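In what follows, a single structure is set out as structure tokens and then discussed.
The values are calculated or read from the model by the stated rules, or taken from the named source; none is laboratory data. These numbers were taken from a predicted model, which means no experiment stands behind them. Cβ sites come from the backbone with ideal geometry, for glycine too, and all protein chains shown count toward neighbours.
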Amino acid sequence: MTDAGPMPTIAVLALQGCVERHRPHVEAAGARFLTAKTPADFEQADAFILPGGESTTMLKLIAAFDLEAPLARAFAAKPVWGICAGTILMAETVLSPPQRSFGVLPIKVLRNGYGRQLDSAQSEVDGYAVSYIRAPVIEDVHGDVDIRATRDGKPVWIVAAPHMATTFHAELTLDFPSPMHRTFVDLVRAHYKP
Amino acid sequence: MSQENTGQVINLKTGLAEMLKGGVIMDVVTAEHARVAEDAGAVAVMALERVPADIRKSGGVARMSAPELIQEIMETVSIPVMAKCRIGHFAEAQVLEAMGVDYIDESEVLTPADEEFHVNKHAFRVPFVCGATCLAEALRRIGEGAALIRSKGEAGTGNIVEAVRHLRRIRQQIRRVISLEDEELMTEAKTMGAPHALLALVKQTGGLPVPNFAAGGVATPADAALCMQLGAESVFVGSGIFKSESPPTYAKAIVKAVAHWDDPRMVLEASKGLTGAPMPGLDVHGIEEDMRMAGRGW
């Protein structure tokens, strides 16, 4: 457990994707877990996780439910952690193919950068098992970005406080909380004014 | 690293299924279909030779899609591409793996190649999804290496009744297993015909060891919401989209309903303004036993 104090609420955007797997990690890291689908839900959140899933599906749903403006406002004010598809949504530029994104992080991302499912892989980051599943590749970063981990010379875990991105999944490892969830909750606490 | 579940880390095969949760996987025959599906917000497409309603109508032997068609679909869309092989046809599965598809559905919708044995799915690096009508069948498939389970339903009918039966049955049987004493599990395993170790895991975790999606007969947004409320974590739609009068409209509506399956007002919104009729439905009671797909496999 992170040290006591008011407990921030971390909302996982739950339009589609790997949502519930975050619950035990978030709670073990000392934060409250919430699933969010509507602007009313977004108001309840102190920070967001944009989960793994299909970025194209998420973009269609964000457009269909008129969530683009409310999400952009929320991301401007609160910490966001994008995971895999979530990293793609946060990027400044998306390639392969190009698509819309929120531009929260100064990065250029290549979708499915390692290939298809047969190119998915597991490895370790900071001694913790992580999974790359049809993962994107961060081709380029600029500005004030802290690169926490790389794979084949490309960043896979970056922090641009108060935001964070990982191209891999820590939530599929059943040892709670992951170092990445711990780091994100620390970022949220540093930014959080109850 | 190993592809098996270590207990510590969910393996990569089931990991991809985790990413597909809360989504709609659409049957497609052509690259043009696949484009429509992706534009509507599908999380994945399933390539097959003919949609189930056409297989049912025209009869004959239904096989794996032509490789060129699957290849074209893979080049057209950026979302995962699944493809069907016949039950027990491990050579079709090998071909699909060699093509690099993202998931294989060992499917009762195609004509079975083996009426005794299913594919040994542990022998593949590509993940498999299999249909099930009950808990024991689901656990047998998982025992063979399936990384994702779906209800069989009765494909190509536009009738949700069989999917509902299968989803409910799996839930009821899970509740029953949870209530058993440890010493009762082996006898239960023998009676059900399910692997003891997996039954013990169900009792311990209170659920299937892999995600469970719905399939077979989904034709409307409300059908999809019904399946989600019965515990399905995503929905496969076969003929329901491309046999409706307006595929893009139905595809988008079902995607929206799955995203908000627990909010009736949103399912209502998704159900409004559907131009054209849904796919024509079939009463399953009028289907001869040997024309029922759910009975294929064991």
Legend entry - segment A:151-187, subset of a type in the set (A, V, I, L, M, F, W, C) and surrounded by fewer than 23 Cβ atoms within 10 Å (Cβ to Cβ), residue nearest to the other protein chains (Cβ to nearest Cβ): A:Leu174
Inset, instruction - Determine whether segment A:117-126 contains at least one residue that is at pLDDT 95 or above and over 20 Å from A:Glu171 (Cα atoms). - result: yes
Legend entry - Test result for B:Ala40, more than 30 Å from A:Thr173 (Cβ to Cβ), facing chain A (nearest Cβ under 10 Å) and surrounded by fewer than 24 Cβ atoms within 10 Å (Cβ to Cβ): yes
Legend entry - Number of positions in segment B:114-147 that are crowded, with 21+ Cβ neighbours inside 10 Å and part of a loop (DSSP other than H, G, I, E, B): 7
Legend entry - Residue ID - surrounded by the most Cβ atoms within 10 Å (Cβ to Cβ), chosen from residues in segment B:43-56 that are in a helix (DSSP H, G or I) and not aliphatic (A, V, I, L, M): B:Pro52
Inset, instruction - Residue by residue through segment A:51-85, note down the ones that are within 11 Å of the chain's Cα centre (by Cα), outside any loop (DSSP other than H, G, I, E, B) and more than 11 Å from every other protein chain (Cβ to nearest Cβ). - result: A:Val80, A:Trp81, A:Gly82
Legend entry - Candidates B:Ala53, B:Ala91 - the one that is free of Cβ contacts under 8 Å to residues at least 12 places away in the same chain and not basic (Lys, Arg): B:Ala91
Legend entry - Per-region count, segment B:63-81, residues under 22 Å from B:Ala294 (Cβ atoms) and either surrounded by fewer than 22 Cβ atoms within 10 Å (Cβ to Cβ) or out of contact with any Asp or Glu (no Cβ under 6 Å at 6 or more places or on another chain) (or both): 1
Legend entry - Restricting segment B:108-121 to residues that are under 22 Å from A:Leu118 (Cβ atoms) and free of Cβ contacts under 8 Å to residues at least 40 places away in the same chain, the residue that is nearest to the other protein chains (Cβ to nearest Cβ): B:Lys121
Inset, instruction - Name, by its number, the condition in (1) touching a residue at least 60 places away in the same chain (Cβ under 8 Å); (2) more than 10 Å from every other protein chain (Cβ to nearest Cβ) that does not hold for A:Lys108. - result: (1)
Inset, instruction - Collect the residues in segment B:242-285 that are among the acidic types (Asp, Glu) and within 22 Å of B:Gly153 (Cα to Cα), keeping them in residue-number order. - result: B:Asp262, B:Asp283
Legend entry - Subset of segment A:86-108 [touching a Ser or Thr at 6+ places or on another chain (Cβ under 6 Å) and β-branched (Val, Ile, Thr)]: A:Thr87, A:Ile88, A:Val94
Inset, instruction - Determine the pairs where a residue that is in a helix (DSSP H, G or I), located within segment A:22-44, has a partner that is buried (at least 21 other Cβ atoms within 10 Å of the Cβ) and among the hydroxyl-bearing types (Ser, Thr, Tyr) with Cβ atoms under 8 Å apart, the partner being 6 or more residues away or on another chain. - result: A:His25/A:Ser178
Inset, instruction - Would you check which residues across segment B:229-276 are touching a residue at least 40 places away in the same chain (Cβ under 8 Å), within 19 Å of A:Lys37 (Cβ to Cβ) and among the hydrophobic types (A, V, I, L, M, F, W, C) and list them? - result: B:Ala232, B:Val235, B:Ile254, B:Val255, B:Val258, B:Ala259, B:Val267, B:Ala270
Inset, instruction - Spot the failing condition for A:Thr57; the list is (1) surrounded by fewer than 24 Cβ atoms within 10 Å (Cβ to Cβ); (2) of a type outside the set (A, V, I, L, M, F, W, C); (3) out of contact with any His (no Cβ under 7 Å at 6 or more places or on another chain), and only one is missed. - result: (1)
